[in-house]
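Participant: Structure in structure tokens, see below.
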Amino acid sequence: MKTASDMGLPLVGVGLLYRQGYFTQYLNADGFQQERYPENDWYNMPVEIKTNKDGEPIKISVEMAGRMVAAQIWEVQVGRSSLYLLDTNIPENSQDLRNITAALYGGDKERRIQQEILLGIGGIRALRALGINPAVTHMNEGHSAFLGLERIRELMAEKQFTFDEAREALWPTNIFTTHTPVPAGNERFELALLEKYVGIWPQILGISWNDFLSLGRERPYDDHETFCMTVLALKLAAYANGVARLHGMVSRDMWRNLWPGLPLDEIPIGHVTNGVHPRTWVSSNMGELLSRYFGPNFDEAPTDLAIWNRIDRISDEELWRTHERRRERLVAFTRERVLEQYKRTGAADRHIRHAEDALSPYALTLCFARRFATYKRGNLLLRDPERLLRLVKDNDRPVQLIFAGKAHPHDMPGKALIREIVHFAEKHDVASRIVFIENYDMTVGKYLTSGGDVWLNTPRRPLEASGTSGMKAAMNGVLNCSVMDGWWDEAYTPEVGWAIGRGEEYEDTHLQDEIESKALYDLLEREIVPLFYQRGRDGLPREWIKMMKSCMREIGQSMSSHRMLMDYSNKFYLPALENYRHILKNDYKESKALAAYLSKLRQAWDSITISRIESSAKPVMQRGEILTVSALIELGPLTPDEIQVELYHGPVSNQSAVIKNARRSEMKAIGQEEHAYRYEVKIECDDTGFQGHTVRILPKHEALVHPYRTGFIKWA
Ligand SMILES: *Cc1c(COP(=O)(O)O)cnc(C)c1O
């Protein structure tokens, strides 16, 4: 939202106003996470209820399981952008409905479906009530995917369209971003719960219950499959992406069942790598320094990414002094926090003394702060206590560790990780060098991502879709040491940080922990610690500073949220907006034609047959020779230009018949022979080695954003 404001992008956000937010974390004397749910006081926060001209709150309502739920709308002004948050905590609703917006992640599946109906369906209604008419909608995670159904319902009512006509009209204006491969993030609902809550929707949309279910299923008519919100979003959006290059690949593989027969690299899920807002995450001290050297554009023209190339103008000494200042502030902040923690739990005086001299402002400081989900492996560094203690207890070249992060309230293994860290520090009497800060939030995050020296990240590849805290760190010159997962898989070079492993994936998680923890100790002992303590006569670690500069220069540009939003705009927002304008200008003519075409194609699909292929291929061909391939295709009721016929060709390995790095050449209809049409293409042989080719058929229609529609691909 901040980036949209900076860029003047006409974008609004929609979410829920959680009365209790997430939760406040504190640890008991045993290091076990406890949760508190303090209520937000909206009247002391920069949020405002939206009212009508009579000064009354604007309200919308949504049906849920036979009851009407009302919600009011709050606005958060984010610079020039607006974020609207729905709130069911109003007198019209009974107590259980008022609690729909009580807490993020607080409830059970029933609460989740209520929240998702409110967000998706209620979200669109809220925008309409505010007089905001979206051209394009961007579903961030499947949780908001019901919005696609509400938009279809509206258009059907407004234009008397069929479900298919409305769906095709909106498909080119929907964007979907998937944010995690972890199953809990890809919501699935049991059919009984779904029926209870959205059982009326098939009737509203004029489709059967089974057709409705097929929208949320990988195998459309498999009665054993639950209803998945990610699938719904993928089916309603013409544009879809993951949040890093690797995550795009993982997502294509994960959701390939939706496109049976389509090669993996063509599954229509791309990627836009996440980014962070530099002005939010660069510390005040570092920000002043950068402003001074980068000039006014650093603040005023944040899309001018090349400005980070000026980092070399800053002297080593000045950069290091600024960084050390941040480390001092982090140490002071941590001492204060730890002291509070000890006092609250009534710790012994011995402990309180620990807090007062916890950490050193001069020691190499490693930070690990993130959600304590088990796949992030917050305890990887503790695996070999002896090796860790040798690093921590080294008085000449000390290493200190700061941890922070919340476990999900129901995640007992996650909470066990936190306790393990606290116990480790106490048991080995290193509580002044290994510290856990309670209640990780943006304030804690800002101290850590700007005051540490190394940012640790140890997820089990490929479960970290992107990760963003390491980007915040990098922009402050804090060097990343991370498993090759998420964003780091594409950003890592030896000049900007360290890689744990080389991107391997393991079946045996125990073995993986063993190998990767060893790799991490090796990096620390052989590279990171020596580099940090390699000081010149002036006390500066010149080589380290050189890495800081490379890291800031590269990642400041590549992982800025302005780069991210420009990507979203160029790849998705602007094309989708263009689609919207075009569709409206022609009064939905093409969308209606597309719906009719797809219906006709569905009927005709099984009767399309590729009856013969003729190829001028010889066992050995020379480069530059022309290969002619033709195919006889029976079209049933279709005309020759209603399908896309392609020659699919490229290198194959001797062992498999799989064509790799395939190219596609369109085949043209050149004549009719009895019941069939002959399609032909000529290609020049321009590659060496073993080659293969085949013929395939895809849909073809001018209103298709892309031809990869579920179930429509046929191979010779
Ligand atoms: C940035 C941030 C996150 C997300 O960090 P990841 O690296 O993406 O896990 C979580 N919590 C807080 C408080 C943050 O500042």
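Participant: Under the √(5λ) rule applied to the eigenvalues of the Cα gyration tensor, what semi-axes describe the equivalent ellipsoid of the chain? Give them in Å, descending.
Facilitator: Working: eigenvalues 474, 241, 113 Å².
Here the semi-axes work out to 49, 35, 24 Å.
Participant: Return one quarter of the surface area of the convex hull spanned by the alpha-carbon atoms of the range 326-480, equal to its mean projected area, in nm².
Facilitator: Working: hull surface 35.9 nm².
Its Cα hull, projected and averaged over all orientations, spans 9.0 nm².
Participant: Distances over 13 Å make up what percent of all Cα-Cα pairs in the range 220-268?
Facilitator: Numbers: 723 of 1176 pairs.
The share of Cα pairs beyond 13 Å in the range 220-268 comes to 61 percent.
Participant: Still on this model: Add +1 for every Lys or Arg and -1 for every Asp or Glu among the other residues with Cβ under 10 Å from the Cβ of N99, and state the total.
Facilitator: Values: positive: R19, R98, R111; negative: D96.
Its environment carries a net charge of +2.
Participant: While we're here: Kindly state, as a whole number, the per residue volume in cubic angstrom of the convex hull around the alpha carbon atoms of the range 536-645. Intermediate values should be presented prior to the final figure.
Facilitator: Values: hull volume 30.2 nm³, N = 110.
Expressed per residue, the convex hull around the Cα atoms of the range 536-645 is 275 Å³.
Participant: Among L11, L83, which comes first, then next, by fewest other beta-carbon atoms within 10 Å? All intermediate terms of the calculation are to be shown ahead of the outcome.
Facilitator: Values: L11 20, L83 17.
Least to most surrounded, the residues fall as L83, L11.
Participant: Normalized C-alpha radius of gyration of the range 628-716, against 2.2 N^0.38 Å?
Facilitator: Numbers: Rg = 14.1 Å, N = 89, 2.2 N^0.38 = 12.1 Å.
So the range 628-716 has a normalised radius of gyration of 1.16.
Participant: Taking one equal scatterer on every alpha-carbon of the range 566-708, how large is log10 of I(q)/I(0) by Debye at q = 0.10, 0.18 1/Å?
Facilitator: -0.48, -1.06
Participant: Name the residue from V14, N28, M286 whose Cα lies farthest towards the positive end of the charge dipole of the chain, charges +1 on Cβ of Lys and Arg and -1 on Cβ of Asp and Glu.
Facilitator: It is M286, whose Cα lies furthest towards the positive end.
Participant: Exactly which GluC sites (Glu not before Pro) in the range 599-686 are in a DSSP loop and have at most 14 other Cβ atoms within 10 Å? The partial results should precede the final answer.
Facilitator: Details: sites: E614, E625, E634, E642, E646, E666, E673, E674, E680, E684; in loops: E625, E674.
Answer in residue order: E625, E674.
Participant: Using only the Cα atoms, what convex hull volume per residue in Å³ does the range 471-523 have?
Facilitator: Working: hull volume 4.3 nm³, N = 53.
It is 81 Å³ per residue.
Participant: Could you work out the mean projected area of the convex hull around the alpha carbons of the range 1-153, in square nanometres to one decimal?
Facilitator: For the Cα atoms of the range 1-153, the hull's average projected area reads 11.3 nm².
Participant: Then there is this: Would you kindly work out the equivalent ellipsoid of the range 35-84 from its C-alpha gyration tensor and give its semi-axes, the square roots of five times the eigenvalues, largest first in whole Å? Spell out each step's value before the answer.
Facilitator: On the way: eigenvalues 100, 73, 25 Å².
Its equivalent ellipsoid spans semi-axes of 22, 19, 11 Å.
Participant: Another question, then. Give me D for the range 307-406 in µm² s⁻¹, whole number, from Stokes-Einstein with Rh from the Kirkwood sum over alpha-carbon pairs, 4 °C and 1.567 mPa s. Before the final figure, lay out the partial values.
Facilitator: On the way: Rh = 16.0 Å.
Calculated translational D: 81 µm²/s.
Participant: Here is a follow-up. For the range 627-675, place one equal point scatterer on every Cα, skip the solvent, and apply the Debye formula. What is log10 of I(q)/I(0) at q = 0.14, 0.18, 0.33 Å⁻¹?
Facilitator: -0.48, -0.69, -1.34
Participant: What's the local net charge at L330, with K and R +1, D and E -1, over the other residues with C-beta under 12 Å away?
Facilitator: On the way: positive: R325, R326, R327, R329, R335, R337, K446; negative: E324, E328, E336, D453.
Combined, the nearby Lys, Arg, Asp and Glu give +3.
Participant: Looking at the chain, what % of its DSSP beta bridges pair antiparallel, to the nearest 5? It would help to have the intermediate numbers written out before the result.
Facilitator: On the way: 59 of 94 bridges.
Of those bridges, close to 65 percent are antiparallel.
Participant: To the nearest µm²/s, what D does Stokes-Einstein give for the range 237-390 at 4 °C and 1.567 mPa s, using the Kirkwood radius over alpha carbon pairs as Rh?
Facilitator: Details: Rh = 20.6 Å.
The Stokes-Einstein estimate is 63 µm²/s.
Participant: Tally Lys/Arg at +1 and Asp/Glu at -1 over every other residue whose Cβ is under 12 Å from the Cβ of I613; what's the total?
Facilitator: Values: positive: R612, R678, R696; negative: E614, E680.
My count for the surroundings of I613 gives +1.
Participant: Another question, then. For the range 428-527, how big is the tail of P(r) above 21 Å, as a whole percent of Cα pairs? Mind dumping the intermediate values first?
Facilitator: Numbers: 1948 of 4950 pairs.
Tail of the P(r) past 21 Å holds 39 percent of the pairs.
Participant: How large is the direction-averaged shadow of the alpha-carbon convex hull of the range 169-234, in nm²?
Facilitator: Values: hull surface 20.5 nm².
The number I arrive at for the range 169-234 is 5.1 nm².
Participant: Helix check for the chain. Which DSSP H runs span at least 18 Å along their own axis by Cα, with a mean Kyte-Doolittle hydropathy no less than 0.0?
Facilitator: Taking the DSSP H segments of the chain (at least 18 Å long, mean hydropathy at least 0.0), we get 412-427.
Participant: For the charge dipole of the range 356-425, defined by +1 on Lys and Arg C-beta atoms and -1 on Asp and Glu C-beta atoms about the Cα centroid, which residue among L364, P413, F424 has the Cα displaced farthest towards the positive pole?
Facilitator: In the range 356-425, that residue is P413.
Just so you know, all these numbers are worked out from the coordinates, no wet-lab data involved. Not measured: the values here are computed from a predicted model. FYI the Cβ positions are ideal-geometry reconstructions off the backbone, even for glycines, and counts take in every protein chain you see.
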